[in-house]
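Here the structure comes first, spelled out in structure tokens, and everything after it is commentary.
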């Protein structure tokens, strides 16, 4: 009987052909895992850097922080540094705030210093009244810092932002996250990734012919999940926008009820929300009592945010819900941006309404003007994660639907000026 046993070279080739697909899968999955791990680590580090910088910058801009740090600017000099006793009053004011921000923002420490870099706040009481050993000269000269340094608490990724009183730098805010914490987050992310990678390796090694079908099924599931998430995101945006518009209507109702106009309030509810179902703002001219209540409610809301509202609107100027929505969102946006004075004007020229809202706030960077009208964009923090950046997007849409346009310029008061024109209500 002839010997049909494959020769040694043939057996080697057969085994190679059997093993080669698994080796290809092994190599591909291994490289993919390494790349994904590298990208994940970079993503974690970038997110952490952005978070610590945003926290530091936000704290440095708080009026309480500026005022308190400025009050101890003269407590010490470069040759005679202030100590913990000199800074005790400022520490009493700022340490609770620093502790609160530290807990809620998930950072390791929040340090606020005077203009010589002496710590006013620190998680460890023994470090208060001592000068920061790491980078501070350039920050106290006005240049923010973001990087990794080693201090009393160990190596950390930190951001340092100057605190200004007018044009003068009176101190700085330093916020940091330990490198060990970043590495722990990386290890946790890798722990979530590795089981999938190992599963793919096992499946690929044992049954490479089935891998393509398994990946295709995975992709389909991911596509379905992505489609579901996209739909959920659209739904959330729609709900937030509706909530924003309902908020404007609620302010009108508040004004009516507070003035005792119960009948007008009930009529407004019936007209605005038949069947309690959301709808688009009406283009029907509002009664004078509703307009007056809207302005009073808006003035109260702006006042609650620490600003004073000035209104110049002729009684004969036609106003409907869309106009109220535009003015309310622009004035609210100005107050939330930190303005102390807000002025609202509205004039009727022919069949066109010309309106403007001026404020004395920090102003809007010209580079951010277009982005400011994008849904979801905001320069203000959103600690609750409920979603901001809705108001200006609603304004642009409302003005555009009335064949109008809106323009952003610099206010004579130094802040931002929003000018718009739109068709008057019927």
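The values are calculated or read from the model by the stated rules, or taken from the named source; none is laboratory data. These numbers were taken from a predicted model, which means no experiment stands behind them. Cβ: placed from backbone, ideal geometry, glycine included. Neighbour counts: every protein chain shown.
At a glance:
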| quantity | calculated |
| --- | --- |
| Per-region count, region 152-197, residues in contact with a strand residue (DSSP E or B) (Cβ under 8 Å, 6 or more places away or on another chain) and under 21 Å from residue 115 (Cα atoms) | 15 |
| Counted residues, region 148-167 - those being in a strand (DSSP E or B) and free of Cβ contacts under 8 Å to residues at least 40 places away in the same chain | 6 |
| Among the candidates 311, 342, 290, 326, residue that is more than 17 Å from residue 412 (Cα to Cα) and in contact with a strand residue (DSSP E or B) (Cβ under 8 Å, 6 or more places away or on another chain) | 326 |
| Counted residues, region 285-303 - those being more than 32 Å from the chain's Cα centre (by Cα) and either in a loop (DSSP other than H, G, I, E, B) or within 22 Å of residue 392 (Cβ to Cβ) (or both) | 3 |
| Any hit, region 139-147, residues being without any contact (Cβ under 8 Å) to a residue 40 or more places away in the chain, assigned to a strand (DSSP E or B) and closer than 30 Å to residue 37 by Cβ | yes |
| In region 107-132, residue surrounded by the most Cβ atoms within 10 Å (Cβ to Cβ) [restricted to those that are in a loop (DSSP other than H, G, I, E, B) and touching a residue at least 60 places away in the same chain (Cβ under 8 Å)] | 107 |
| Check on residue 82, modelled with pLDDT of 85 or more, in a helix (DSSP H, G or I) and in contact with a strand residue (DSSP E or B) (Cβ under 8 Å, 6 or more places away or on another chain) | no |
| Elements of type strands (runs of 3 or more DSSP E) contained in region 304-421, each with 3 or more residues being crowded, with 20+ Cβ neighbours inside 10 Å and either modelled with pLDDT of 90 or more or in the same structural domain as residue 61 (by TED's automatic domain parsing) (or both) | 341-349, 352-359 |
| From the options 98, 73, residue that is outside any helix (DSSP H, G or I) and touching a strand residue (DSSP E or B) at 6+ places or on another chain (Cβ under 6 Å) | 73 |
| Single residue of region 27-43 satisfying the filter (more than 26 Å from the chain's Cα centre (by Cα) and surrounded by 13 or more Cβ atoms within 10 Å (Cβ to Cβ)) that is nearest to residue 184 (Cα to Cα) | 37 |
| Yes/no for residue 62 being modelled with pLDDT of 90 or more, surrounded by 13 or more Cβ atoms within 10 Å (Cβ to Cβ) and not assigned by TED's automatic domain parsing to the domain that holds residue 336 | yes |
| Residue check, residue 135 in a strand (DSSP E or B), more than 15 Å from residue 72 (Cβ to Cβ) and either assigned by TED's automatic domain parsing to the domain that holds residue 92 or at pLDDT below 90 (or both) | no |
